Amino acid sequence: MASKRCPSCGLVNPGSAQVCDCGLSFVTMMRSDGTALGEAPILSPKQSVNQVARFAAYTSGALFVAGFVTVIAGSRDKFVMEVGAGLAMVGLIGFSLARLLWRTSRGMD
C-alpha cells in the first residue's frame, strides 16, 4: 500500500496508518485535541501564558535596544539622553519581568 503524507505536519506515514504521530486522524481529519484540519489548535492556559510572556519579553527587549540607541545617538542633547535612558530602563525592567513569567510558565501544569 502506498504511503501518505500528513496534511498537517508533513510526516510520511504508512498507507495503513489511521492516525499520524502529530495526532491527526486520517479518517475524520480531526486532531487529537478536537480541532479540525485548518482550525487553529486550542491552546492550554500554560501555552497562552507562555505566548504572552514571550511577546512581552521580545517587545521589552526591543524597547531596551531602542532606548539604548537613543542614548548613544543623542549623546549631546540632555533631554534626548534622559528619554533614551528612561526607555532603556523601562525596557530592561519589562524584559526581566516578562522573562521571569516566561520561565515560570514553562513549569506550570
Query raised in the report: Which condition breaks for Thr70 when tested against (1) in contact with a strand residue (DSSP E or B) (Cβ under 6 Å, 6 or more places away or on another chain); (2) surrounded by 15 or more Cβ atoms within 10 Å (Cβ to Cβ)?
Result: (1)
Query raised in the report: If the Cβ limit is 9 Å and pairs must be 6+ apart or interchain, which residue in the range 75-87 that is free of Cβ contacts under 8 Å to residues at least 40 places away in the same chain pairs with which residue that is surrounded by fewer than 15 Cβ atoms within 10 Å (Cβ to Cβ) and not hydroxyl-bearing (Ser, Thr, Tyr)?
Result: Val80/Ala73; Gly84/Ala66; Gly84/Val69; Gly84/Ile72; Gly84/Ala73; Leu87/Ala66
Report task. Consider Ser25 carefully, then state whether it is within 30 Å of Cys9 (Cβ to Cβ), without any contact (Cβ under 8 Å) to a residue 24 or more places away in the chain and under 14 Å from the mean Cα position of the chain (by Cα). Result -> no
Query raised in the report: What about Arg54, is it under 30 Å from Ile93 (Cα atoms) and either more than 14 Å from the chain's Cα centre (by Cα) or assigned by TED's automatic domain parsing to the domain that holds Phe95 (or both)?
Result: yes
Report task. Quickly run through the range 27-49 and pick out the residues that are hydrophobic (A, V, I, L, M, F, W, C) and at pLDDT below 70. Result -> Ala40, Ile42, Leu43
Query raised in the report: Inside the range 79-94, can you point out the residues that are touching a helix residue (DSSP H, G or I) at 6+ places or on another chain (Cβ under 7 Å), farther than 8 Å from Phe64 by Cα and either hydrophobic (A, V, I, L, M, F, W, C) or outside the structural domain of Gly61 (by TED's automatic domain parsing) (or both)?
Result: Val80, Met81, Val83, Ala85
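The values are calculated or read from the model by the stated rules, or taken from the named source; none is laboratory data. Here the structure is a predicted model, which is why all the values come from computation and not from measurement. Here Cβ is always computed from backbone atoms with ideal geometry, including for glycine, and neighbour counts include all displayed protein chains.
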